[in-house]
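Accompanying notes for the structure given below.
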Amino acid sequence: MGSVVASEQPSGSGEDPLRYLFHDCVLDTDRRELHRGAGLVAVEPQVFDVLVYLIQNRERVISKDDLLSSVWHGRIVSESALGARINAARAAVGDSGEAQRLIKTLHRKGFRFVGAVREDYLPIETSSAIGNDTARFVPSLPDGPSLAVLPFTNLTDDSDQAYLADGVSEDLITGLARIRWLFVIARNSSFVYKPRAVDVREVSRDLGVRYVLEGSVRRTGSRLRISAQLVDGMTGGYRWAERYDRELGDIFVVQDEITRSVAAAIEPELMAAEGVRALSRSADDLSAWELVARAQAHIWRMSRSDHEAAVSVLKRAVEEFPNYAPAKSMLGFRLIFGAHMGWIDHDQGLLVGSRHAARAVALDDRDPWGHVALGYWAMMERRTEESIAAFRRAVSLNPNSAAAHGYLGHVFAFAGRDREAIDHVELAMRLSPLDPETAFFLGGIAVAHYTAGRFAEAIRYTTQALRSRPGFQGAQRLRCASLAQAGQIDEARSLFATLVCEQPQLSVDWIRASVPYQTQQLMELFLEGMRKAGLNGD
């Protein structure tokens, strides 16, 4: 349901709003003008009327007959003409893609405006500061996640250090802009923030973003301290905060390290926040992005039931938005990962999952998620170099992605390249110390130790992974084999009995097909541990 973010209607007024503010647009019904960003968009009269009618009736689905009656006053109009007006309305407000974040088509039912709308009953403000009639309008929140990076404050009594604060802000904008699903406002935006003592919710409203990243830089002698805070602009509450203390050496190296850490930590925090936001809304009223965010909230829990819930949501997303790449890539990955865990049929999971992943990359070659899905598929098929190349592509598209480094570490681990595996996974954990996928990262380190014969270390890391994600069946299997290889046979056999109850298909044949050790030697090493724990078969 399209929600009203704010209302400035005078008490007791029964007048219709003069303006509707949504995404980066202002629809002025009094002047019959559409502003988008800082510019005026030329809109045909009928297209303008279609927009107004959809927005005014956004609480319900608008049928074709409704539109014909209200906009064309009952005149006969062809399907193609009506479709052309809807497409023109989408193009005018920047919603011409398959995501349909603002104007949604409901098959055989009609259309609905689903974007968040703010109604304004007051005349457009004029800027007295510049002495003309230039309109000043405030953008409403975009339908998807959006962030403004405010200039970091220089707290050092040295004007020469101001460049450092500016450099941190600029680097963060660059790093965060690599996140394909996040709308980031650059400092040269038309809505430039001027530091002043105001509530961050006002800043969020003025800039038209959902989240605000702010911080400060302080230097004392040879020590540098950078603080950063991620604030929810809707509530004013802090989503994340961190402080970084470093010895000053090569200032650019220090700056790069800190900005990279901040950018990497923020991505999962934003995704988690978006997932909670999507879970709080009606399932019938979610955009393509919100469906993906809702699925992600289940994915991180790494259990069979959450896997099923996530796949159900993602299937709906790809059905309603067939050309939305993030939904395709996420569904593809989940099906492939589900086959690895033993939650779904191996052959079907890989077949269908790989098709979704390939389609996602065809739709958006610069989305890291699609390459991660293809990389995991290639790993499951034991095409090692192809898998490594796909994961490296994901890393190159977003070097600050902890997940991309973690997945690259996994294929190295299953290939027996333990040092490379641990390097990448540890980097992932340094980039995002509180990442929801930490259990998966720990599992990758455990695999690396197992393939190197360090079974006690594999036990230690699988124990840590299962402490937070007890449903992580890949870690359960590895812990079972590691315990047996370390001589803790009784504990290994007890765990194996539990595993068989949870995963009845567990057998030598299933392991050979579904556990992606990349060489025969490594596969036999894993089967050796599982046989010691009680697995039967050749």
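The values are calculated or read from the model by the stated rules, or taken from the named source; none is laboratory data. Model, not experiment: these values are computed from the prediction. In this analysis, Cβ positions are derived from the backbone assuming ideal geometry, glycine residues included, and neighbour counts consider all displayed protein chains.
Overview of values
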quantity: Residue within the range 325-337 that is surrounded by fewer than 21 Cβ atoms within 10 Å (Cβ to Cβ), assigned to a helix (DSSP H, G or I) and touching a helix residue (DSSP H, G or I) at 6+ places or on another chain (Cβ under 9 Å) present; calculated: no
quantity: Residue among 469, 430, 460 that alone is touching a Phe, Trp or Tyr at 6+ places or on another chain (Cβ under 9 Å) and of a type outside the set (S, T, N, Q); calculated: 469
quantity: Inter-residue pairs, beta-carbon under 7 Å, first assigned by TED's automatic domain parsing to the domain that holds residue 233 and assigned to a loop (DSSP other than H, G, I, E, B) and in the range 176-204, second of a type in the set (Lys, Arg) and at pLDDT 50 or above, 6+ apart; calculated: 180/366
quantity: Residue count for the range 154-208, restricted to those that are among the aliphatic types (A, V, I, L, M), under 24 Å from residue 293 (Cβ atoms) and modelled with pLDDT of 80 or more; calculated: 7
quantity: Those residues of the range 307-358 which are of a type in the set (S, T, N, Q) and touching a residue at least 24 places away in the same chain (Cβ under 8 Å), in sequence order; calculated: 323, 329
quantity: Selection within the range 472-531 - without any contact (Cβ under 8 Å) to a residue 60 or more places away in the chain and hydroxyl-bearing (Ser, Thr, Tyr); calculated: 482, 494, 498, 507
quantity: From the options 225, 260, residue that is in the same structural domain as residue 175 (by TED's automatic domain parsing), surrounded by fewer than 17 Cβ atoms within 10 Å (Cβ to Cβ) and either at pLDDT 85 or above or out of contact with any strand residue (DSSP E or B) (no Cβ under 6 Å at 6 or more places or on another chain) (or both); calculated: 225
quantity: Selection status of residue 494, surrounded by fewer than 22 Cβ atoms within 10 Å (Cβ to Cβ) and in the same structural domain as residue 413 (by TED's automatic domain parsing); calculated: yes
quantity: Selection from the range 441-465 of residues that are within 30 Å of residue 275 (Cα to Cα) and buried (at least 24 other Cβ atoms within 10 Å of the Cβ); calculated: 441, 442, 443, 444, 445, 446, 447, 461, 462, 465
quantity: So residue 309, is it assigned by TED's automatic domain parsing to the domain that holds residue 375 and assigned to a helix (DSSP H, G or I); calculated: yes
quantity: Those residues of the range 65-104 which are more than 21 Å from residue 28 (Cβ to Cβ), touching a Gly at 6+ places or on another chain (Cβ under 9 Å) and assigned to a helix (DSSP H, G or I), in sequence order; calculated: 65, 66, 67, 68
quantity: Scope the range 166-181; condition buried (at least 18 other Cβ atoms within 10 Å of the Cβ) and among the polar types (S, T, N, Q); matching residues; calculated: 169
quantity: Unmet requirement for residue 468, which otherwise passes all of (1) under 26 Å from residue 268 (Cβ atoms); (2) crowded, with 17+ Cβ neighbours inside 10 Å; calculated: (2)
quantity: Residue check, residue 439 under 27 Å from the mean Cα position of the chain (by Cα) and of a type in the set (Gly, Ala, Ser); calculated: yes
quantity: Qualifying residue in the range 23-41 (condition: modelled with pLDDT of 60 or more, loosely packed, with under 14 Cβ neighbours inside 10 Å and of a type in the set (Gly, Ala, Ser)); calculated: yes
quantity: Flag for residue 344 being among the β-branched types (Val, Ile, Thr), at pLDDT below 95 and either farther than 23 Å from residue 448 by Cα or buried (at least 24 other Cβ atoms within 10 Å of the Cβ) (or both); calculated: yes
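Let's see how each residue does on (1) part of a helix (DSSP H, G or I); (2) more than 21 Å from the chain's Cα centre (by Cα); (3) of a type in the set (Ser, Thr, Tyr); (4) modelled with pLDDT under 95:
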{"position": "413", "(1), (2), (3), (4)": "yes, yes, no, no"}
{"position": "416", "(1), (2), (3), (4)": "no, yes, no, no"}
{"position": "420", "(1), (2), (3), (4)": "yes, yes, no, no"}
{"position": "427", "(1), (2), (3), (4)": "yes, no, no, yes"}
{"position": "434", "(1), (2), (3), (4)": "no, no, no, yes"}
{"position": "445", "(1), (2), (3), (4)": "yes, yes, no, no"}
{"position": "458", "(1), (2), (3), (4)": "yes, yes, no, no"}
{"position": "480", "(1), (2), (3), (4)": "yes, yes, no, no"}
